[in-house]
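Colleague: Quick one: structure below, then a few questions.
What follows draws every value from the coordinates through simple rules; no lab data is involved. A quick note: this is a predicted structure, and the numbers were derived from the prediction, not measured. FYI the Cβ positions are ideal-geometry reconstructions off the backbone, even for glycines, and counts take in every protein chain you see.
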Amino acid sequence: MVGLILIAIGCFFYFLPSILGRKKRNAGAIVALNIFLGWTVLGWIVALVWALTNDAPTQIVIPVAQVSQPILCTSCGKYSASGSQFCTSCGRSFYVQPVSVASHNLPA
């Protein structure tokens, strides 16, 4: 009977790092280290220290949508949404059509 109590106490102390680190982010790794290297004193101490250290805080990244600049109409002076091809107030085109030089009558 005394032998069973000693075995239970020994198992408790052997798995103490696993018990203390059960709610950590790397709980599975702590348990694996404790099982496979806990029989060495150094492995047990490393598992215990790992179980007792605080986890680094998790950074929450909130993506912020880029706000694009509205387009100013040179004809009426009002703003339209970016990416618009025409002014929402006067209907003028924001993009100038390229003109070929050959189509004009230029003096020689």
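Colleague: Give me LEU4, LEU33 sorted ascending by neighbouring Cβ count inside 10 Å, so fewest comes first.
Modeller: The most exposed by this proxy come first: LEU4, LEU33.
Colleague: Taking R0 as 41 Å, what's the FRET efficiency between ALA81 and ILE60 from their Cβ-Cβ distance, rounded to 0.05?
Modeller: 0.85
Colleague: At what distance in nm do the modelled label points of ALA32 and MET1 sit from each other, each positioned 7 Å from its Cα along Cα→Cβ?
Modeller: Each label point lies 7 Å from its Cα, and together they span 4.3 nm.
Colleague: Here's another thing I want to ask about it. Going by Cβ distance under 4.7 Å, what cysteines of the chain have no possible disulfide partner?
Modeller: Cysteines of the chain left without a disulfide-compatible partner: CYS11.
Colleague: Quick check on packing: order 12-21, 73-82 by the mean number of other C-beta atoms within 10 Å, highest mean leading.
Modeller: Descending packing order for the listed peptides: 12-21, 73-82.
Colleague: What 222 nm value per residue comes from the helices of the chain, counting each DSSP H run with n ≥ 4 as -39,500 (n - 2.57) and dividing by all residues, nearest 500 deg cm²/dmol?
Modeller: Value at 222 nm, helices only, nearest 500: -11000 deg cm²/dmol.
Colleague: Over the chain, what is the relative contact order in whole percent, taking alpha-carbon pairs under 8 Å and six or more residues apart?
Modeller: 15 percent
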